[in-house]
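Asks: One structure is given below, represented as structure tokens, and several questions about it will come after.
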Amino acid sequence: MNKHLLFLEYKKIFKRKKNIIVICLIIVISLGILILNNLLNKKYESNKAENYKYQISSINEAISQIPREDRNRDSVKKIEEEYKNEIKLLEQQANAFEKGNWKEELKAQIIFDENQLKNLKTGKAIGGEPIQLIESRIGINKQLIKKNIKPINESSATQGIYFLRNILNILFGFMGVIIMIFIVGDILAIEFDKGTINFLFTQSISREKIVNTKSLVAFSFSIFSIFTVSLFAFLIGSLFWGTGSFDYPISIQREGTSTFINIGQYLTLSGLLFIFVLIFTISVAILISVITSSSMIAISLTVILSSMLYLSVNKYGYFAIFAQYLPFSYFNTFNIIDGTLASNLKNNNISLKLGIEVLLVSSLLLHFISLRLIRKKEVF
Amino acid sequence: MIAEIKGIYKKIDNKEIINNINFTIGENEIVALVGPNGAGKTTLLKLVSNLIFPDEGSIKICNLNPSKNREQALAKISFMQDSSVLYPDLTGYDHLFFIAKVKDIPLSKINKVIKKLKIEKYINLKVRKYSLGMKQHLLLAISLLSKPKLLLMDEPLNGLDPSSSLLLRQLILELRDEGTSILFSSHILGEVDKVADRILFIREGQIVEEKSSENFKCKKNSYLLKITKPEEVRNILKSESNINELVILDCGEIQLTLIEPDLREIIKKLYDNHIFIIDIHKTEQRTETIYHSIYGD
């Protein structure tokens, strides 16, 4: 690595208006999401009491609709009793909510969910929420009570660490890959486009070093961009609503069972996997740049290729049997860490460890090809 | 010897661009590449600078083969290319700083070069704000800073005003005196005459004529005539046996190279055809003359 070239490349990437504009845009969008989340949260809180009332009145109505002549039958009596139990639990939840006693509210929710689960497992009830989801909710609620952490509305939480999770849910996924391709995907190709590559290629620096340096700068600038946005999201959320708990439990699905890790570990593991996703994405972009010498083609081809392969695995479930060996399977890192993709594709081989190995090997292979090609690349 | 180019062939898109080119560049020598657009001048410079590779033949820079010892060979070269190679978002100083660091040149030399080229006013501005002339100055500053064994220049006079052209000429000669050999391409034939030790005339990828300063500056029996109706002169003098070469220059003058140094018959013939001589003097054969004789009027 040539440190002078590295310094020059950093200067160039930080002085590119496009990059700074995109980062600022992401920050502004984050701010927009935060404001929206806050509004949604307020609405959620104000609707919660109404929801309890609505559920209670629905069950009451169901009870009232039981024909009089059937009410003395044992089986109907049992159903009526269960309905009344549900009402009792819902009333407990509503009261606890009104008093701000979230622990009592959760305890009632756990009993409610356990009953529901029992009915589903014994066949007394059908449909409704999937068993895994109810089990996961019971587990999380138990953990929250045990750790004394106030529950949140996960999709619209605004506290620092929870809001960070929401933002990283976008950045550590396919959208993040696309944004990073847009920011750094043309780091090499743009030089061919503008003719500035001739300036570098006529210096006494090997072409391989030039490609290595550009890859490193693209990678570190991507990390810098994500870090900047993450820091902003965390700080702005923390400033107005507190940091939230780093110990907040996240449910992990593995081979049909739920385990739990805290949100800090969850974000760290997702971030770790995303580092390798970035390395892979940059390797693809660099290889396409070397082959095509055009920033427009490099960016669009990388985006098209990534989208097609990502969607075919993650959305349409193609190649499910050997998805664990496809680097594109790992683009949505949250889905890998919490086991969603493994569960959806029914492929338990998809894991963080294998993901890192697949992404690393693929990146090294692509990078090796780029280095071979750049040696013989002619600049007309 | 600084550079040795031997039996070079290069095809681009199946078209022969360079076709068996051979030449050498000696120490402290200035060699000019002259030829019309598409003759292969820039391709040749790119081949020497290892931006593209020959299909056949070999290139040696200070006895180093760039395809085998790329970095060592490129350390001996500086290539003043067209201004598109500059980074628009960086300042002129950023470029010079990078070159100084890569080539291990003391930073104090940057300021000397800046002063020498009088570019202090805009050296800290982003290159995107530069005019073409300013960019050319920066490219020149980069070349001066490097002080290479071989300086390659592709149309260095493009975009320069007359005073800058004069400065460039002085700097080229200065660099030569300090031990740099120079290979440059140019369309401005008058300037070529003033600096080149040797001129290579290229046509369709081949060197069709090679003239050293000795044999083109003092050619015998060459006269420059300023006359009325120069367009008629070729017809009038076509049967004249004493004429070796007749070239009508762009400025309307004619250059005559005679077999015997006797102008009397020619003057008489012109007079008889009502063509009057305004001025006449013995002259050196200029690059422009050779250029016209090779590539036509």
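The values are calculated or read from the model by the stated rules, or taken from the named source; none is laboratory data. These numbers come from a predicted model, not from an experiment. We place every Cβ from the backbone using ideal geometry, glycine too, and count neighbours over all the protein chains shown. Just so you know, the surface numbers come from the protein's heavy atoms only, side chains and all, with ligands and any DNA or RNA stripped out. Shrake-Rupley method; radii C 1.70, N 1.55, O 1.52, S 1.80 Å.
Asks: Let me spell it out: the conditions are (1) open to solvent by 40 Å² or more (accessible area, probe 1.4 Å); (2) modelled with pLDDT under 95; (3) under 25 Å from the mean Cα position of the chain (by Cα), and B:Asn69 meets all of them except one. Which number is the exception?
Replies: Just one mismatch for B:Asn69, condition (3).
Asks: Only one of these conditions is not met by B:Ala75: (1) open to solvent by 20 Å² or more (accessible area, probe 1.4 Å); (2) more than 11 Å from chain A (Cβ to nearest Cβ); (3) of a type in the set (A, V, I, L, M, F, W, C). Which number is it?
Replies: Here B:Ala75 meets the rest and fails (2).
Asks: Just checking, does the stretch B:24-37 include any residue being closer than 24 Å to B:Leu160 by Cβ, within 14 Å of chain A (Cβ to nearest Cβ), within 25 Å of the chain's Cα centre (by Cα) and among the acidic types (Asp, Glu)?
Replies: So far as the stretch B:24-37 goes, no, none of its residues is closer than 24 Å to B:Leu160 by Cβ, within 14 Å of chain A (Cβ to nearest Cβ), within 25 Å of the chain's Cα centre (by Cα) and among the acidic types (Asp, Glu).
Asks: Moving on to the next point. In this structure, does B:Leu51 turn out to be farther than 23 Å from B:Thr24 by Cβ, within 11 Å of another protein chain (Cβ to nearest Cβ) and open to solvent by less than 50 Å² (accessible area, probe 1.4 Å)?
Replies: Details: farther than 23 Å from B:Thr24 by Cβ: no; within 11 Å of another protein chain (Cβ to nearest Cβ): yes; open to solvent by less than 50 Å² (accessible area, probe 1.4 Å): yes.
No, not satisfied.
Asks: Of everything in the stretch A:59-80, what is assigned to a helix (DSSP H, G or I) and surrounded by 11 or more Cβ atoms within 10 Å (Cβ to Cβ)? Give them in sequence order.
Replies: Within the stretch A:59-80, A:Ile59, A:Asn60, A:Ala62, A:Ile63, A:Asp70, A:Val76, A:Lys77, A:Lys78, A:Ile79, A:Glu80 qualify.
Asks: State which residue is surrounded by the most Cβ atoms within 10 Å (Cβ to Cβ) when the search covers only the stretch A:22-32 and only residues that are farther than 10 Å from A:Ala233 by Cα and within 18 Å of the chain's Cα centre (by Cα).
Replies: A:Ile26
Asks: Would you please list the contacts, defined by Cβ atoms under 7 Å and residues six or more apart or on different chains, that run from a residue in the stretch B:74-88 that is within 12 Å of A:Ile197 (Cβ to Cβ) to a residue that is acidic (Asp, Glu)?
Replies: B:Gln81/B:Asp154
Asks: Restricting to the stretch A:241-276, what's the tally of residues that are in a helix (DSSP H, G or I), open to solvent by less than 60 Å² (accessible area, probe 1.4 Å) and under 23 Å from A:Asn37 (Cβ atoms)?
Replies: Counting residues in the stretch A:241-276 that are in a helix (DSSP H, G or I), open to solvent by less than 60 Å² (accessible area, probe 1.4 Å) and under 23 Å from A:Asn37 (Cβ atoms) gives 7.
Asks: Next up: Can you find even one residue in the stretch A:211-223 that is within 14 Å of chain B (Cβ to nearest Cβ), surrounded by fewer than 21 Cβ atoms within 10 Å (Cβ to Cβ) and in contact with a helix residue (DSSP H, G or I) (Cβ under 7 Å, 6 or more places away or on another chain)?
Replies: Within the stretch A:211-223, none of the residues are within 14 Å of chain B (Cβ to nearest Cβ), surrounded by fewer than 21 Cβ atoms within 10 Å (Cβ to Cβ) and in contact with a helix residue (DSSP H, G or I) (Cβ under 7 Å, 6 or more places away or on another chain).
Asks: Does A:Ser295 satisfy being modelled with pLDDT under 95, under 18 Å from A:Ile13 (Cα atoms) and open to solvent by 10 Å² or more (accessible area, probe 1.4 Å)?
Replies: Yes.
Conditions (1) outside any loop (DSSP other than H, G, I, E, B); (2) in contact with a Lys or Arg (Cβ under 6 Å, 6 or more places away or on another chain); (3) open to solvent by 20 Å² or more (accessible area, probe 1.4 Å), marked per residue:
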{"residue": "B:His137", "(1), (2), (3)": "yes, no, yes"}
{"residue": "B:Pro156", "(1), (2), (3)": "no, no, no"}
{"residue": "B:Ser164", "(1), (2), (3)": "yes, no, no"}
{"residue": "B:Ile172", "(1), (2), (3)": "yes, no, no"}
{"residue": "B:Phe184", "(1), (2), (3)": "yes, no, no"}
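Asks: Here's something else I'd like to know. What's the total number of residues in the stretch A:171-192 that are surrounded by fewer than 19 Cβ atoms within 10 Å (Cβ to Cβ) and either without any contact (Cβ under 8 Å) to a residue 60 or more places away in the chain or within 10 Å of chain B (Cβ to nearest Cβ) (or both)?
Replies: The number of residues fulfilling the criteria is 1.
Asks: Name the single residue that is surrounded by the fewest Cβ atoms within 10 Å (Cβ to Cβ) among those in the stretch A:125-138 being touching a residue at least 12 places away in the same chain (Cβ under 8 Å) and more than 14 Å from A:Asn115 (Cα to Cα).
Replies: A:Gln132
Asks: Now, a different point. Is it true that A:Asn19 is out of contact with any strand residue (DSSP E or B) (no Cβ under 7 Å at 6 or more places or on another chain) and within 30 Å of A:Asn212 (Cβ to Cβ)? Can you show your working first?
Replies: Working: out of contact with any strand residue (DSSP E or B) (no Cβ under 7 Å at 6 or more places or on another chain): yes; within 30 Å of A:Asn212 (Cβ to Cβ): yes.
Here the answer is yes, as A:Asn19 does meet what is asked.
Asks: Based on what the data block shows, is A:Tyr44 modelled with pLDDT of 90 or more and either within 30 Å of A:Phe234 (Cβ to Cβ) or surrounded by 14 or more Cβ atoms within 10 Å (Cβ to Cβ) (or both)?
Replies: Answer is no for this residue.
Asks: Okay, next question. Return the pair list, or none, for Cβ contacts closer than 6 Å from residues in the stretch A:340-353 that are in contact (Cβ under 8 Å) with a residue 24 or more places away in the chain and over 17 Å from A:Phe260 (Cβ atoms) to residues that are surrounded by fewer than 16 Cβ atoms within 10 Å (Cβ to Cβ) and of a type in the set (Asp, Glu), at least 6 apart or on different chains.
Replies: Close Cβ pairs satisfying both conditions: A:Asn348/A:Glu255.
Asks: Against the condition on the phi < 0 side of the Ramachandran plot, in contact with a helix residue (DSSP H, G or I) (Cβ under 6 Å, 6 or more places away or on another chain) and more than 14 Å from chain B (Cβ to nearest Cβ), how does A:Lys43 come out, does it pass?
Replies: no
Asks: Is it true that A:Ser295 is of a type in the set (S, T, N, Q), over 24 Å from A:Ile167 (Cα atoms) and out of contact with any Asp or Glu (no Cβ under 6 Å at 6 or more places or on another chain)?
Replies: No, not satisfied.
Asks: Let me ask another. Among the residues of the stretch A:153-196, how many are under 30 Å from B:Gln81 (Cβ atoms), in contact with a Leu (Cβ under 8 Å, 6 or more places away or on another chain) and of a type in the set (Val, Ile, Thr)?
Replies: Number of matching residues: 1.
Asks: Determine, yes or no, whether B:Ile21 is open to solvent by less than 30 Å² (accessible area, probe 1.4 Å), aliphatic (A, V, I, L, M) and part of a strand (DSSP E or B).
Replies: When the stated conditions are applied, B:Ile21 passes them.
Asks: Shifting gears a bit: Of B:Lys147, B:Lys101, which residue is touching a residue at least 24 places away in the same chain (Cβ under 8 Å) and charged (D, E, K, R)?
Replies: Going through B:Lys147, B:Lys101 in turn, the sole match is B:Lys147.
Asks: So if I check each of A:Ala320, A:Ala285, A:Ala233, which one is open to solvent by less than 20 Å² (accessible area, probe 1.4 Å), touching a residue at least 24 places away in the same chain (Cβ under 8 Å) and over 30 Å from A:Ile149 (Cβ atoms)?
Replies: The conditions single out A:Ala285.
Asks: Let me confirm something: among A:Leu341, A:Leu360, which residue is at pLDDT 95 or above and aliphatic (A, V, I, L, M)? Give the derivation first.
Replies: Details: A:Leu341 fails: at pLDDT 95 or above.
None of the others qualify; the one that does is A:Leu360.
Asks: I need a count of the residues in the stretch B:81-126 that are open to solvent by less than 20 Å² (accessible area, probe 1.4 Å), at the interface with chain A (Cβ under 10 Å from one of its Cβ atoms) and within 27 Å of the chain's Cα centre (by Cα).
Replies: Qualifying residue count, the stretch B:81-126: 7.
Asks: Among the numbered criteria (1) more than 12 Å from chain A (Cβ to nearest Cβ); (2) surrounded by fewer than 19 Cβ atoms within 10 Å (Cβ to Cβ); (3) among the hydrophobic types (A, V, I, L, M, F, W, C), which one does B:Ile59 miss?
Replies: With respect to (1) more than 12 Å from chain A (Cβ to nearest Cβ); (2) surrounded by fewer than 19 Cβ atoms within 10 Å (Cβ to Cβ); (3) among the hydrophobic types (A, V, I, L, M, F, W, C), B:Ile59 is out only on (2).
Asks: Go through the stretch B:25-116 and tell me which helices (runs of 4 or more DSSP H), entirely inside it, have 1 or more residues that are more than 16 Å from B:Leu150 (Cβ to Cβ).
Replies: Result: B:41-48, B:92-102.
Asks: Pick out the one residue from A:Ser238, A:Ser204 that is open to solvent by 10 Å² or more (accessible area, probe 1.4 Å), more than 26 Å from A:Leu352 (Cα to Cα), out of contact with any Ser or Thr (no Cβ under 7 Å at 6 or more places or on another chain) and within 14 Å of another protein chain (Cβ to nearest Cβ). Steps first, please.
Replies: Working: A:Ser238 fails: within 14 Å of another protein chain (Cβ to nearest Cβ).
Only one candidate qualifies: A:Ser204.
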